[in-house]
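A.B. asks: My questions will all concern the structure given below.
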Protein chains: 2
Amino acid sequence: MTTSIKASTKLGFLGAGQLARMSALQAFRFGIQVAVYSDRPENEPVQFMTPYSYNGSFDDVDKMVEFAKSCDVITLENEFINSSVLRKVQKESGTPIYPSPDSFALIENKLIEKQTFENAGIPVTPYKLVKDSVDFTDFGKKYGWPFLLKSSKGGYDGYGNKTVHNLTEAAKAFEALGGHEGHDIIAEAFVDFTHELAVQVARNETGSVVYSCCETVQENHICLAVLAPAPVDEAIQKKAQELAVQATEAINGKGIFAFEFFLTKNGEVLLNESAPRPHNSGHYSIEGCIGSQFENHVRAVLGLPLASTKMTEPAAVMINLLGTHSRPAEADHVTDALTTKDGHLHVYGKVQSKIGRKMAHFTLLGDDLESTHQKAKLLTKDIEI
Amino acid sequence: MTTSIKASTKLGFLGAGQLARMSALQAFRFGIQVAVYSDRPENEPVQFMTPYSYNGSFDDVDKMVEFAKSCDVITLENEFINSSVLRKVQKESGTPIYPSPDSFALIENKLIEKQTFENAGIPVTPYKLVKDSVDFTDFGKKYGWPFLLKSSKGGYDGYGNKTVHNLTEAAKAFEALGGHEGHDIIAEAFVDFTHELAVQVARNETGSVVYSCCETVQENHICLAVLAPAPVDEAIQKKAQELAVQATEAINGKGIFAFEFFLTKNGEVLLNESAPRPHNSGHYSIEGCIGSQFENHVRAVLGLPLASTKMTEPAAVMINLLGTHSRPAEADHVTDALTTKDGHLHVYGKVQSKIGRKMAHFTLLGDDLESTHQKAKLLTKDIEI
């Protein structure tokens, strides 16, 4: 176990968006230095937070090796880099990457991900690898139309997913998702759920810690709000937490991980998606827990002992503030959000607002979940960003 | 009142040490960009946190003007820059500086500072401008030996102060402090105090907020620990808070300010020192209050409404972790500090440890001040840094 923090330690982020940004803030708290590698042409938030900034493609092994050599540890804020690329970068640079390329390899492909978790005894949403209209028909018969087609690589916030109601739509979606180019496409049944739940787990060689089970309130696959703890039975919360820890162990995870579950009408908890990184569902933990998901991300990848995940107040609600305009970024009408006693506004420092883009969030703590949720919505309803 | 936060806003810090660093972390939380001007040859903490870094002297108006022009607002983390220099930089760059040069002018000289606060009806420690041995003798007769001689400019953590027991020591100290070169030297009586107290106030055009009155536990003018709220009568706490707000108004302060008081054996509260910046006595507020002194520093200078200063737990104790070695910075034996549930370790990212240098701090929250203080000392006693 690492019991020292060296000021000269440099933590490198592959990706420079809001998740890396909030992790970097925690690295700074420990006096750790931060370097960043971005694949975007425009300046991203973390690039305003370090003198050590690289630009390049996530396929450019040489450039990433050069970057990794300048760092002591590398971590990621997304799952878009191929595990074989990560493995090469780790090997050629000699700099460890956490979560490890081996962990990534077990979840980067949705098919392998499902199999990994099923093999670990974790119930997942019904799915099947599909190739043609016979497969579509069979799946529709078994689980009913409509169902989802998902590319096995690169889904994020609903991208890479298509809802299909019939054979024609299925064939079209299969092609749009790259099935005709040999990409693995899986069919996934629509689950009749009452709640979408999420749990974060941090784990490294010192042990693991699990966050409260929260509810993600979604509309069109976009998360509008997160309620912690989730307004479901404690036994359900505990079940989701147990499955999340099991899932983290199944991929031998070192870092912070998020798991999204469906709570079905029958009371089953089914694992839906996993993310080997800080997750939108855990933003409430910055003020809502003693140690946030970002703090434990940094601690986990540095090999430091992990922080308590205990909630600081009985209820925490996080509201995502999505771009309402396409314009140079500016958060307007934020007075209510800034002046409410237990409210905490976070603005991500993206230069450009786009409609629907995640630009900021607001967390409100309170004693009662429902009233805190209503109040948080009210306090943020006039914000334009 | 500003109700918008623009992502492109750049906040410039004159000074790049731990106080600017913790303020910068709050600026980043709002998506604000940070630039820094340092007068130190070695890299300072904030210089690892921004691509916008300048080096130069605090006397070099042209260089500071160039820096200020690249920023939207300038703030400071120390009181070492002459107000006339700040006024020139503000005028020539067109970039506002907060706290304003006018506020600085009222407190940069200890003599003027004392007069400013006395004129506002705030009781200060007994003092007198002294020129020669007749003055020393008179002061000693009136208030007793030993007393303090202070240079009217540039005191910090006990530097610029000398305790004198007799005429010979007084003459020697007078010269060492620059009295023979025309620097104003004031004599200050030793106050027979039971507690050293401190209060932070944030103020801008939207209003003002005041933090709890805390106790600073000092040894040889070095602050070892801060206890919040101070273990003194509530009436005394309230008195100190009122005086701190009055003092902030007396200098028309915009920003965050800290005031240090003596609580005398007779129960008087005497203003001892003021600082127009975040202050070591307010570090506990990062976790101990809903809005920290650093958050309110940033809010105040940007013209944003101020955050609640309410404490999050009944007791907060901050332990300063001073350099125990002269070596490349490394915090050893930090496991206890990292794993205690309500403990929060902050490492400043200074590259080099020096014995006695402020390198890090540890805050512990709890229900009871005395036991929290004992526990915090125990958890940090083995840390080497």
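None of the figures in this text is laboratory data; all of them are computed from the coordinates on show. Since the model is a prediction, treat every value here as computed from it, not as a measurement. Cβ placement follows ideal geometry from the backbone for every residue including glycine, while neighbour counts extend to all protein chains displayed.
A.B. asks: Averaged over its residues, how many other protein chain Cβ atoms are within 10 Å of peptide A:341-349's Cβ atoms?
C.D. replies: 6
A.B. asks: With an 8 Å cut-off on Cα pairs and a minimum separation of 6 or more residues, tell me the relative contact order of the range B:232-312 in percent.
C.D. replies: Averaging sequence separation for qualifying contacts and normalising by length gives 23 percent for the range B:232-312.
A.B. asks: Let me ask something additional. Neighbour counts of other C-beta atoms within 10 Å: give me A:Ile97, A:Ile185 arranged from fewest to most.
C.D. replies: Listed from fewest to most nearby Cβ atoms, that is A:Ile185, A:Ile97.
A.B. asks: Got a sec? How would A:Glu273, A:Glu205, A:Glu268 order by Cβ neighbour count within 10 Å, fewest to most?
C.D. replies: Fewest-to-most Cβ neighbours within 10 Å comes out as A:Glu205, A:Glu268, A:Glu273.
A.B. asks: Per DSSP H run of at least 4 residues, take -39500 (n - 2.57); add these up for the protein assembly as shown, divide by its residues and hand me the 222 nm value, nearest 500 deg cm²/dmol.
C.D. replies: Taken over the protein assembly as shown, the calculation gives -9000 deg cm²/dmol.
A.B. asks: Follow-up question, since we're still on this one. Residue by residue through B:19-31, how many Cβ atoms from other chains fall within 10 Å of the Cβ on average?
C.D. replies: Per residue, the average neighbour count from other chains is 5.
A.B. asks: How would you classify the range A:200-334 from its alpha-carbon gyration tensor, with a ≥ b ≥ c the square roots of the eigenvalues: rounded for a/c under 1.5, else prolate if a/b is greater than b/c, otherwise oblate?
C.D. replies: The shape class here is oblate.
A.B. asks: Cα gyration tensor of chain B, axes a ≥ b ≥ c as square roots of the eigenvalues: rounded (a/c below 1.5), prolate (a/b > b/c) or oblate?
C.D. replies: Rounded.
A.B. asks: Note the distances from A:Lys131 to each other copy's matching label point, with points 7 Å along the Cα-to-beta-carbon direction, in nm, sorted shortest first.
C.D. replies: Taking the point 7 Å beyond Cα along Cα→Cβ, the inter-copy spacings are 10.3 nm.
A.B. asks: Taking θ = phi - 60°, what integer Hz values does the Karplus form 6.51 cos²θ - 1.76 cosθ + 1.60 yield along the range B:96-108, in sequence order, with x for Gly and Pro?
C.D. replies: Computed from phi, the couplings for the range B:96-108 are x, 10, 10, x, 6, x, 5, 4, 4, 4, 7, 10, 5 Hz.
A.B. asks: Can you tell me which lysines have their Cα less than 17 Å from the Cα of A:Lys172? Leave out same-chain residues fewer than eight positions away.
C.D. replies: Within reach: A:Lys131, A:Lys150, A:Lys162.
A.B. asks: Please compare each pair in A:Lys91/B:Lys350; A:Lys10/A:Lys91; B:Lys265/B:Lys354; B:Lys110/B:Lys239 to a cut-off of 29 Å on the Cα-Cα distance and tell me which ones are over it.
C.D. replies: With Cα atoms farther than 29 Å apart: A:Lys91/B:Lys350; B:Lys265/B:Lys354.
A.B. asks: Something else about it: How would you order B:37-50, A:251-264 from highest to lowest mean count of nearby Cβ atoms within 10 Å?
C.D. replies: Highest mean packing first, the order is A:251-264, B:37-50.
A.B. asks: Give me the net charge of B:Thr3's neighbourhood, meaning all other residues with Cβ under 15 Å from the Cβ of B:Thr3; Lys, Arg count +1, Asp, Glu -1.
C.D. replies: Around B:Thr3, the surrounding residues sum to -3.
A.B. asks: Continuing with the same structure: What are the nm distances, shortest first, from A:Lys172 to its equivalents in the other copies, labels at 7 Å along Cα→Cβ?
C.D. replies: Here the equivalent label points are 9.4 nm apart from this one.
A.B. asks: For the protein assembly as shown, what's the radius of gyration and Dmax over Cα atoms, in angstrom?
C.D. replies: Spelled out, the Cα radius of gyration and Dmax of the protein assembly as shown are 28.4, 107 Å.
A.B. asks: Can you put A:Ser274, A:Ser133 in order, fewest other beta carbons within 10 Å first?
C.D. replies: Starting with the residue having the fewest Cβ neighbours, the order is A:Ser133, A:Ser274.
A.B. asks: Write down the Å³ per residue value for the convex hull defined by the alpha carbon atoms of the range A:1-114.
C.D. replies: Normalising the Cα hull of the range A:1-114 by residue number yields 112 Å³.
A.B. asks: Per-residue mean of other chain beta-carbon atoms within 10 angstrom of the beta-carbon, peptide B:325-333?
C.D. replies: For this peptide, the per-residue mean of nearby foreign Cβ atoms is 3.
A.B. asks: Cross-link candidates for B:Lys114: which aspartates and glutamates have Cα within less than 14 Å, leaving aside residues fewer than 8 places away along the same chain?
C.D. replies: B:Asp184, B:Glu188, B:Glu260, B:Glu273
A.B. asks: List every residue whose amide H lies under 5 Å from the amide H of A:Thr194, counting only residues 5 or more places away in sequence or on a different chain, with H placed 1.01 Å from N in the peptide plane.
C.D. replies: A:Leu263, A:Thr264, A:Lys265
A.B. asks: Summing +1 for each Lys or Arg and -1 for each Asp or Glu, what net charge is found among the other residues whose Cβ lies under 10 Å from the Cβ of A:Val347?
C.D. replies: +2
A.B. asks: Ordered shortest first, which distances in nm separate the 7 Å Cα→C-beta label point of A:Val351 from those of the other copies?
C.D. replies: 2.8
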